[in-house]
Amino acid sequence: MMNPAVLTAEDDCLHFADDTVFHSVRDLFLGFGFNETNVRDQYWFSGQPGKSLTPHFLEIEPGTASGLDVLVHLFMGEQAVPVDDIIRILGSRHFLELQELKLVEVDEQGSACSATVRIEPVNELLICADRSPAKPPVRSDAVYRPWDISSQLYSRIVPPTPCKTFLEMCCGSAYVCLNAAQNFAESVCGVDINPRAIRFADFNKKLNGIENVATYCGNLFQPLQSRLFDRIVAHPPYVPAVADSLVYKHGGQDGERISADLISGIPHHLADGGEFHGFFAISDRIDAPAELRVRELLGPDGQELDVALLTVTELSLVWYLSSMPGLDAKGAEELRESCKKLGITRFVTAAVTIRSRRGSTPSTFRHRALGWQTAAAMADPHTFTR
Ligand SMILES: C[S@@+](CC[C@H](N)C(=O)[O-])C[C@H]1O[C@@H](n2cnc3c(N)ncnc32)[C@H](O)[C@@H]1O
């Protein structure tokens, strides 16, 4: 297991300046139309799941490039832009503010400027996360990006209906928390074990001018003591690894090191009538299918909770391990052996819903979704009724 104590939020990017600077930079992005609709409509992004997305547009043409082009080029394309073009198109005050927040840095010659982080628009929110390094290794405490495919699906299974107390476990950059706080939840908490993620989350709070989110650095429910929540959501790490090296991704040899503890904690933190929505992989084993394992993990206090799995992929052990990028033959063999010893037959990637309805007979439900969109639609709370 990775020791959280070795993770530190190195101060190599993101500086907390006055609120006025945050406001001005937010206005810069929104003023140039840097929102999800425009960026998705105007740029064509290519990339494989898990890899960075590259926007396709011509080299910045002096004279025709817009502010939106420059911002997308810098913060989503991760490409350098001449300092002169930035000053001319964005203005010198904004260039200084971007430097003050350490969102950009200038090369030694003073001629080209690059972003220190990615900024991805989520609706009208601006979300900083880690850049994809040009070459491995990825830093062990890298902060996960909201436009990655699993985050996209996860965010769609979070019901956007009004709620009083909202908790996002494993919040990373906190874009789901911030969206909840801005649009439908009264009081919001985000927890992450990675200090760098909490630094990004706090920066994103400031950048978006959102107050009603409290962030905590710690292991799962530990920082929250016995607090209860109406809605708990999570997208924990769930990829099996011989030795965990990426905090956002790896979940031990069966991938369930974090999600198993998360599920066990739910009965103690879900308010009466509350709901949990998560997105992760869990295994079918010789002794029980994934949905019954979720029920077992809930323990005796979870006997009154409904459990529903909407599966997106159901892959045999061999298929699952062979579809994992970067896993060499020796690593795959080692994982296969340890998973076989645990009795794992299949890995199921699923939208998992757990809900509290005290006094009624609990149900356990598994349905195979046909695709990402079907999964998102079926995970909608209005269609999930008995
Ligand atoms: C797949 S990322 C998801 C981040 C974000 N929610 C998203 O969807 O983009 C998993 C997150 O879980 C965090 N994490 C890993 N182990 C944890 C633990 N034991 N307690 C709390 N957070 C943890 C990681 O630091 C990472 O930010």
Q) Which net charge results for the neighbourhood of ARG293, defined as the other residues with beta-carbon distances under 10 angstrom from its beta-carbon, given Lys and Arg at +1 and Asp and Glu at -1? A) -3
Q | Computed log₁₀ I(q)/I(0) - Debye formula, equal Cα scatterers, no solvent, segment 225-264, q 0.23, 0.32 Å⁻¹ | A | -0.72, -1.04
(Q) Mean-square fluctuation check for the chain, GNM, Cα pairs under 10 Å: which of ALA181, ALA329, ALA80 is largest? (A) ALA329
Q: Just flag the GluC sites (Glu not before Pro) in segment 123-213 sitting in loop per DSSP whose Cβ has no more than 13 other Cβ atoms within 10 Å.
A: GLU211
Q) If you project the alpha carbons of the chain onto the principal axes, what extent comes out on each, in Å, largest first? A) 65, 49, 40
Q) Which order results if PHE365, PHE95 are arranged by neighbouring Cβ count within 10 Å, fewest first? A) PHE365, PHE95
Q) How high is the relative contact order of the chain, in percent, counting Cα pairs under 8 Å that sit 6 or more residues apart? A) 13 percent
Q: Please arrange LYS164, LYS205, LYS102, LYS330 by counting, for each residue, the other beta carbons lying within 10 Å of its beta carbon, fewest first.
A: LYS330, LYS164, LYS102, LYS205
Q: Quick one: compute the contact order of segment 214-368, relative version, from alpha carbon pairs under 8 angstrom and 6+ residues apart, as a percent.
A: 28 percent
Q: Provide TRP44, TRP147 in ascending order of the number of other Cβ atoms located within 10 Å of each residue's Cβ, fewest first.
A: TRP44, TRP147
(Q) Just to confirm a number: summing +1 for Lys and Arg and -1 for Asp and Glu over residues other than PRO121 whose beta-carbon lies under 13 angstrom from that of PRO121, what do you get? (A) 0
Q.
For the pair MET324/THR64, report the inter-label distance in nm, with labels modelled 7 Å from Cα in the Cβ direction.
A. 4.7 nm
Q. So, in nm, how far is label ALA17 from label ARG40 when the simple model puts each one 7 Å beyond its Cα toward the Cβ?
A. 3.1 nm
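No lab work stands behind these numbers, since they all come straight from the coordinates. Just so it is clear, the model here is predicted, and its values are computed rather than measured. Glycine also receives a Cβ, built like all others from the backbone with ideal geometry; neighbour counts cover every protein chain displayed.
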